[in-house]
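The values are calculated or read from the model by the stated rules, or taken from the named source; none is laboratory data. Note that the structure is a prediction, hence the values are computed from the model and not measured. So basically every Cβ, Gly included, is an ideal-geometry build from the backbone, and we count neighbours across all protein chains shown.
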């Protein structure tokens, strides 16, 4: 009994798809890590400009979750995220982040990051307050961009 080349190729293709699953379509590691870092940069830019397009940086999934640094800051899904950012951007001060350390890891179509730095609050008069801040997040690719699935911010203890 002979085995055809076409049959071997088809079998190999099926094994490849079934065996690798989502990693077969995952972006290369260096491109994925860069994409996650760009998501963090976009988030900071949108924060600083008080742009409600920030909500589009989060996955549209109903279980997407943002946990802020203040008590009670827990927002799930697009509606709650929109209300949170509208309330935050209505405040007189603007917020941005300055990161001194960012660690990114990517496995297939899931990425997580940890960032250490400061959240910066600027008053309309130009006064700045810097507070230590930590961020942990989980992101997933949507098209060519990585979006937040979990964002958890916390005030870091002063070292």
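List of remarks:
- Residue 137 vs. criteria at pLDDT below 95 and buried (at least 16 other Cβ atoms within 10 Å of the Cβ): no
- Residue pairs meeting the criteria (Cβ under 6 Å; at least 6 apart or on separate chains; first on the phi > 0 side of the Ramachandran plot, in the range 98-113; second crowded, with 17+ Cβ neighbours inside 10 Å): 108/26
- Against the list (1) part of a strand (DSSP E or B); (2) within 14 Å of the chain's Cα centre (by Cα); (3) surrounded by 14 or more Cβ atoms within 10 Å (Cβ to Cβ), the condition residue 97 fails is (2).
- Scanning the range 100-115 for residues that are surrounded by 14 or more Cβ atoms within 10 Å (Cβ to Cβ) and under 18 Å from residue 48 (Cα atoms) returns a single hit, 115.
- Reported count of residues in the range 43-73, each being in contact with a helix residue (DSSP H, G or I) (Cβ under 7 Å, 6 or more places away or on another chain) and surrounded by 16 or more Cβ atoms within 10 Å (Cβ to Cβ), is 9.
- Neighbours by Cβ (under 9 Å, 6+ apart or cross-chain): first from the range 53-73, at positive phi; second surrounded by 10 or more Cβ atoms within 10 Å (Cβ to Cβ): none
- For the range 123-143, the set of residues classified as in contact with a helix residue (DSSP H, G or I) (Cβ under 9 Å, 6 or more places away or on another chain) and either closer than 16 Å to residue 44 by Cα or without any contact (Cβ under 8 Å) to a residue 60 or more places away in the chain (or both) consists of 135, 137, 139, listed by residue number.
- Only residues that are free of Cβ contacts under 8 Å to residues at least 12 places away in the same chain and exposed (fewer than 14 other Cβ atoms within 10 Å of the Cβ) were counted across the range 74-94, and they come to 6.
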